[in-house]
Amino acid sequence: MTRTDPDTAVRVAGLTKRFGTFTAIDDVSFTVERNKIYGLLGRNGAGKTTLMQLLTGQQFATSGTLEVFGASPVENARVLQSLCFIKESQKYPDSFRPEHVLASAPWFFANWDAAFAARLVDDFRLPLNRPIKKLSRGQLSAVGVIVGLASRAPLTFFDEPYLGLDAVARQIFYDRLLEDYAEHPRTVILSTHLIDEVSNLLEHVLVIDEGRILMDQDAEQLRGSASTVVGKKTDVDAFVAGRDIISRDGIGGLASVTVSGLSEAERTAARAAGLELSPVSLQQLIVQRTTSTTGSPTTHDAVTATDAWSTHS
Amino acid sequence: MTDLMTGTAASVHPRSAPTRIWNVVRLHLVDRRTYIGIPWLIVGIAFVITVFIAQIIGFTTGGLGTPDAIEGQRYSWAVLSPQWYLVVVGVQAISFGFPLALGFGVTRRDFYLGTALLFVLISAGNALAFAVLTQLEQLTHGWWLNSYMFNALWLGLDGFWVDVFSFFVMQLLVFFVGASIATIYMRWRMPGMLVFWSALALAIVGTIMLITFTSSWPTVAIWFVAQGIAGIFAWLLVPAALAALGGYLALRKATPKN
């Protein structure tokens, strides 16, 4: 690679990070396209923060290649100036107040918008001259969110930014992110547990579990990739026979089965057979797929994983 | 590389290395209290206490301003009172500054060079200020109160420029020792601390043993006297430079702790 690919923000191949005998990131490969909002989803300890630390040059990879805007981010001033990563556990100097963070941020983020930052301070009701040590968990998160948004870095990372934020503040965050993203397109990687809350924001989903990428899929495709079929048990069973069943539920003579990949013709057929089709939320889908792999991986998971790869290789 | 990110609304014009390094200096100084406010507040408090103690001693012994009384005040460490705080500042420059700077997209190299530049600037400023205060104290005969705080220990003996030089070296040493210890922790955590402190203790005990067993204490004493104040502080540049260089090497592969 001698030239920078104008459409690619991140390219990762065979990336592995070990801490002693513990493998935090296990042979991971994916790409991140520019000017899209990515969701980095996974359970606690799945490797989300480690992956983001690797992408921002804060951690050193054990093996594999990692390119951000065409080069390794490690000690690369040109690349790092285009990144913003205020992580959930970000440390600040003992005596700092939020005003110090907001005063110094413009020196490091060339696209910093002070007016936008001031508006966000009002939105989140952040007390500017209270020592950071004395802020509540939510107010501390707000500091990170404000820096992340107002920095307008070409590649912005939000690592579980909502920690301690109330529902109103979280909604403000989602709204401001979308508004500002529409005006100033950039690449955003958002790691979160609250999948359904951000589901409308995400354009692409990366699911990570035990250091491996489990899903790498367009969010829209993913939402359409499964449907729940509800109806009489016999009808449902007949319809789903031979299909890729993700989960099954039922009471008495009724059954509710989630299957992957229904074509338009199949949907019509299902409705004709008196079955009800309902969409599956992103969260349900991801929970189902990640819980089914925590035990012994079954064949259909292996197939789904391969499908996810092939759409993006 | 020039075609990078063109056509994107959110593109960034790269900043030059001197700008990036200077921005790290500004980041450390964004809260002025840490490096300037609190140290000088400590000096002020120490000064008031020194004046009080001098007056008490003068009242009980019946005379201040005699050569003996001035000489007696040389043993006061009040002039070094902010140094205990400044070691901690050196530690925190790394332990808090490093994770914050990395979050702001600063490289380890730029962070370290900026931090080292800050240490040099603050040390130079403090050295000049303390040397000037030492001279003023002599001119005013102890601030018209016969109370001497700055003409203490080695300061005020060999003239203005030796004071500037010696204070500068001492201040640099204080900052870089604090910073390098924090850097060892940042890089190797607790095992690093154990190895560092054990090695340091062994080195000190070993040196004392070597001098004692070879009966070299008189030679050492003669050597120290021969160096003079300026000479001894010139030698102290060696540990300061070692701490600065060692800190840089350790930080290059350090990762911020969570």
Tally of residues being of a type outside the set (Ser, Thr, Tyr), surrounded by 15 or more Cβ atoms within 10 Å (Cβ to Cβ) and either within 30 Å of A:Asn35 (Cα to Cα) or not assigned by TED's automatic domain parsing to the domain that holds A:Thr290 (or both) across segment A:212-261: 11
Leading residue by the ranking (farthest from A:Asp123 (Cα to Cα)) among those in segment A:149-169 that are aliphatic (A, V, I, L, M) and touching a residue at least 12 places away in the same chain (Cβ under 8 Å): A:Leu155
Among A:Gln90, A:Gln81, which is assigned by TED's automatic domain parsing to the domain that holds A:Asp122, under 11 Å from B:Phe104 (Cβ atoms) and touching a Lys or Arg at 6+ places or on another chain (Cβ under 7 Å)? A:Gln81
Within segment B:103-115, considering residues that are assigned to a helix (DSSP H, G or I) and not acidic (Asp, Glu), the one nearest to the chain's Cα centre (by Cα): B:Thr115
Determine which member of the set B:Thr255, B:Thr214, B:Thr219 is out of contact with any strand residue (DSSP E or B) (no Cβ under 7 Å at 6 or more places or on another chain), of a type in the set (Val, Ile, Thr), within 14 Å of another protein chain (Cβ to nearest Cβ) and over 18 Å from B:Val177 (Cα atoms). B:Thr255
Quick check: anything in segment A:294-303 loosely packed, with under 12 Cβ neighbours inside 10 Å, within 32 Å of the chain's Cα centre (by Cα), hydrophobic (A, V, I, L, M, F, W, C) and at pLDDT below 85? yes
Being without any contact (Cβ under 8 Å) to a residue 40 or more places away in the chain and within 20 Å of A:Gln59 (Cα to Cα): is that true of B:Gly105 here? yes
Would it be correct to say that A:Ser63 is assigned by TED's automatic domain parsing to the domain that holds A:Leu155, farther than 30 Å from A:Asp196 by Cβ and surrounded by fewer than 18 Cβ atoms within 10 Å (Cβ to Cβ)? yes
Going by the conditions given, is B:Val238 part of a helix (DSSP H, G or I) and either touching a helix residue (DSSP H, G or I) at 6+ places or on another chain (Cβ under 7 Å) or over 30 Å from B:Phe98 (Cα atoms) (or both)? no
Scan the strands (runs of 3 or more DSSP E) fully inside segment A:1-92 and keep the ones with 2 or more residues being within 14 Å of chain B (Cβ to nearest Cβ). A:8-19, A:22-33, A:63-68, A:83-86
Out of all the residues in segment A:219-251, which are β-branched (Val, Ile, Thr) and in contact with a helix residue (DSSP H, G or I) (Cβ under 8 Å, 6 or more places away or on another chain)? A:Val229, A:Val230, A:Ile245, A:Ile246
From the option list A:Arg176, A:Arg212, A:Arg152, A:Arg130, single residue qualifying as more than 29 Å from A:Arg271 (Cα to Cα) and touching a His at 6+ places or on another chain (Cβ under 8 Å) is A:Arg152
Among A:Ala142, A:Ala117, A:Ala182, which is touching a Phe, Trp or Tyr at 6+ places or on another chain (Cβ under 6 Å) and either outside any loop (DSSP other than H, G, I, E, B) or not assigned by TED's automatic domain parsing to the domain that holds A:Ser29 (or both)? A:Ala142
Which one of A:Ile189, A:Ile146, A:Ile172 is aliphatic (A, V, I, L, M), crowded, with 24+ Cβ neighbours inside 10 Å and free of Cβ contacts under 8 Å to residues at least 60 places away in the same chain? A:Ile146
Examine segment A:95-114 for a residue that is in contact (Cβ under 8 Å) with a residue 40 or more places away in the chain and of a type in the set (D, E, K, R), and state whether such a residue exists. no
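The values are calculated or read from the model by the stated rules, or taken from the named source; none is laboratory data. Every value quoted in this text rests on a predicted model; they were computed, and no experiment measured them. Neighbour counts run over all protein chains shown; Cβ positions are idealised from the backbone, glycine included.
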